[in-house]
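Everything below concerns the one structure shown next.
FYI, it's all coordinate maths here, none of it is from the lab. Treat the numbers as computed from the prediction; the structure is a model and nothing was measured. Note: ideal-geometry Cβ built from the backbone for every residue, glycine included; neighbour counts use all protein chains shown.
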Amino acid sequence: MLDQKITLTQYLIEERRRFPQASGSFNSVILAVALACKALSRKVAYGALAGLHGRTGATNIQGEAQRKLDVLANDVFLQCLQWGGHVRGMLSEEMQDPWLAPIDAAQGDYLLAFDPLDGSSNVDVNLSVGSIFSMLRVPPSTGAISVEDFLQPGTRQIAAGYAVYGPSTMFVLTVGHGTHGFTLNPELGEFLLTHPEMKVPEETQEFAINASNSRFWEPPIRRYVEECLAGKNGPREKDFNMRWIASMVAEAHRILTRGGVFMYPRDTKDPSRPGRLRLMYECNPVGLLIEQAGGRASTGEAPIMEVAPASPHQRIGFVFGSKQEVERIERYHRETPAEPSEDTPLFNMRGLFRSMA
């Protein structure tokens, strides 16, 4: 008998049966996001043939150089989500101000925050990229919504997900009952459930961090990484592998699939920025997916989803992955080792690039 995999639409219908009072607009938003991801999957797959490699010459609100696919991806999300009337506002990495539904338009019940193309610097070298989204309810209000309505902690998310555009396109979703992966069947044009109930292993022997920033790390992160690098002869008594893809979607997908820990921690490189990744549309949605799969998501010190956002494009330190590893990093922060002096060699005598004399 053939293995009959259910579609994303069928999965959402089954989930909706948990809530007999539901109107169906929730499912419509998720399916509109999935449609945007299908369209982007095709654009990314054409590569240089589509003439969409390279930069536009402009910068986004983050001060980062915009790439042609960044702009296209943002437009695709807006086009797919605006017409249905179920989303009242959208916040994007590529827009300084949120898109708000006109007063005379249908006033939906939901807000969407998204990074339309995560890891876009990988496009020109043909490595994995993706899209991330977070879904919130419009707060109870009698007036028109504003940017402040988006500033809800991640604990209030009602759905989150990402698409990863790799050798195959996958759509990974949580609606609050586990994390599930759907693979795009290009012949059918449908996402089919291939990875139900994804789970992050509690233990791991892999970590991901940008080691070029090591001189700016705080002592707890230095301690953690040095212990991993010490391998079997160190306090961890096992060897670790280090990974770095420069695409959080790809990093999250690897961790959901086989475990690991990802670190983009707060550091001292730029004191005006308490982190590099965006809380609202990168950290919170990935955090919800990871925790629904049994992992842990943190600032490095406390749960990421409990942070009350102060601004729509707020940056923050982010650590997520296998539960025991993240909890170890949090414990190292609580122990607050003393800061080394300015003339102390990196990691003292047993640093990342220096061995014992």
Nearby lysines by direct alpha-carbon distance to K38 (threshold 23 angstrom, same-chain neighbours under 8 apart not counted):
K5, K68
Roughly speaking, what % of Cα-Cα pairs in region 134-202 are separated by over 19 Å, rounded to a whole number?
50
Could you tell me what fraction of 2.2 N^0.38 Å the Cα radius of gyration of the chain comes to, as a two-decimal ratio?
1.01
Per-residue HN-Hα couplings for region 149-155, Karplus 6.51 cos²θ - 1.76 cosθ + 1.60 at θ = phi - 60°, whole Hz, x for Gly and Pro?
5, 7, 7, 10, x, x, 5
Which log10 I(q)/I(0) values, to two decimals, does region 1-130 give at q = 0.13, 0.20 Å⁻¹ under the Debye formula with one point per Cα?
-0.65, -1.15
If the limit is 25 Å between Cα atoms, which of K199/K238; K43/K269; K199/K269; K269/K323; K43/K199 go over it?
K43/K269; K199/K269; K269/K323; K43/K199
Ranked highest first by average number of other Cβ atoms within 10 Å, how do 199-205, 178-184 line up?
178-184, 199-205
Taking the Cβ of G85 as the centre, find all other residues whose Cβ is under 14 Å away and add up their charges (Lys, Arg: +1; Asp, Glu: -1).
-1
Nearest 10, in degrees from 0 to 90: the angle of helix 68-82 to the longest Cα principal axis of the chain is 40
What translational diffusion coefficient, in µm²/s and rounded to a whole number, does the Stokes-Einstein relation yield for region 114-166 at 10 °C and a viscosity of 1.306 mPa s, taking the hydrodynamic radius as the Kirkwood radius over Cα pairs?
121
Relative to the chain, whose Cα atoms define the longest principal axis, helix 323-335 and its Cα axis are tilted in degrees, nearest 10, by 50
Compute for region 207-295: radius of gyration divided by Kirkwood radius, i.e. Rg/Rh, restricted to C-alpha atoms, rounded to two decimals.
0.97
